[in-house]
Amino acid sequence: YNCERCAQGYTGDAARPGGCRTCVCNSAGTDPASQVTSSSTGERLWKCDRKTAQCKCLPRVEGPECDRCVADSWDHGNTTGCQSCQCDPLGSVDSQCDLFTGLCRCKAGRGGRRCDQCSDLHYGDPTRNNGCKQCACDPRGSTSPQCDRRSGRCFCLPGIDGDKCDRCARGTRGQLPNCESCGECWINWDFIIQEISNK
């Protein structure tokens, strides 16, 4: 009423000439709902605390300008706020992950984003003694040397099968990696046989 406070979108001491300054908030970490339209200029401004200049941060974001993640978080700039690292306490070196990738720093023999799996090119249960085994995917038939980290099954190229991708799939013939389809005649007969078998 007496022009005694700064307008929304400004912070400082209104009693001093030029004492109100524009709020400075990091757009990547500030709640977008805290934007206001200036009544005098019509521009979009961030709303912050009129005395402390604290911006309204997204979840797990901190700092006066909402410019960083809280401890043990990552992914500043995510529209829902920073994400929890969730590093495995037994498999990781510490609880803080990489601020950009979310990868935790793993102890020897551990892998995965949270260090709760076996290390690269291995599979199994890392919490058991000798629980991690080597993948051993056949390079001729697999898309990657990394197998499924739980089951150990490798990811095969089309027409190739087996846990290690080491044989031609059913309905193909030849030698790895040259597995060719047996043809339409075989596929049709196989379909009929499967239908009879199911009945």
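Restricting the first member to the stretch 160-177 and to residues that are over 23 Å from W189 (Cα atoms) and aliphatic (A, V, I, L, M), and the second to residues that are open to solvent by 60 Å² or more (accessible area, probe 1.4 Å) and not in a loop (DSSP other than H, G, I, E, B), the beta-carbon pairs closer than 9 Å and six or more apart or on different chains are L176/R167.
Counting the residues of the stretch 23-47 that are without any contact (Cβ under 8 Å) to a residue 24 or more places away in the chain and surrounded by 14 or more Cβ atoms within 10 Å (Cβ to Cβ) gives 2. Every condition in (1) open to solvent by 60 Å² or more (accessible area, probe 1.4 Å); (2) in contact with a Ser or Thr (Cβ under 7 Å, 6 or more places away or on another chain); (3) over 18 Å from A71 (Cα atoms); (4) of a type outside the set (F, W, Y) holds for T127 except the one numbered (2). If I ask for residues that are touching a Leu at 6+ places or on another chain (Cβ under 8 Å) and not in a strand (DSSP E or B), which ones from the stretch 117-146 would you list? Of everything in the stretch 117-146, those that are touching a Leu at 6+ places or on another chain (Cβ under 8 Å) and not in a strand (DSSP E or B) turn out to be T127, C135, D138, R140, G141, T143, P145, Q146. Going by what's in this entry, would C3 be described as surrounded by 20 or more Cβ atoms within 10 Å (Cβ to Cβ) and either of a type in the set (A, V, I, L, M, F, W, C) or assigned to a loop (DSSP other than H, G, I, E, B) (or both)? So C3 fails the test. Looking across the stretch 144-199, the residues that are among the polar types (S, T, N, Q) and either more than 27 Å from C115 (Cα to Cα) or surrounded by 14 or more Cβ atoms within 10 Å (Cβ to Cβ) (or both) come down to Q146, T172, Q175, N178, S181, N188, Q194, S197, N198.
Pairs needed: first member in the stretch 65-85, touching a residue at least 60 places away in the same chain (Cβ under 8 Å); second member anywhere, surrounded by 18 or more Cβ atoms within 10 Å (Cβ to Cβ) and among the hydroxyl-bearing types (S, T, Y); C-beta distance under 7 Å; at least 6 residues apart or different chains. Between residues of the stretch 65-85 that are touching a residue at least 60 places away in the same chain (Cβ under 8 Å) and residues that are surrounded by 18 or more Cβ atoms within 10 Å (Cβ to Cβ) and among the hydroxyl-bearing types (S, T, Y), there is no close pair. Scan the stretch 79-104 for residues that are surrounded by 14 or more Cβ atoms within 10 Å (Cβ to Cβ) and over 11 Å from the mean Cα position of the chain (by Cα) and the total you get is 12.
The values are calculated or read from the model by the stated rules, or taken from the named source; none is laboratory data. A quick note: this is a predicted structure, and the numbers were derived from the prediction, not measured. Ideal geometry is used to build each Cβ from the backbone, glycine not excepted, and the neighbour counts take in all protein chains shown. Ligands, DNA and RNA are stripped out before the accessible areas are found, and what is left, the full protein with its side chains, is counted by its heavy atoms. Shrake-Rupley method; radii C 1.70, N 1.55, O 1.52, S 1.80 Å.
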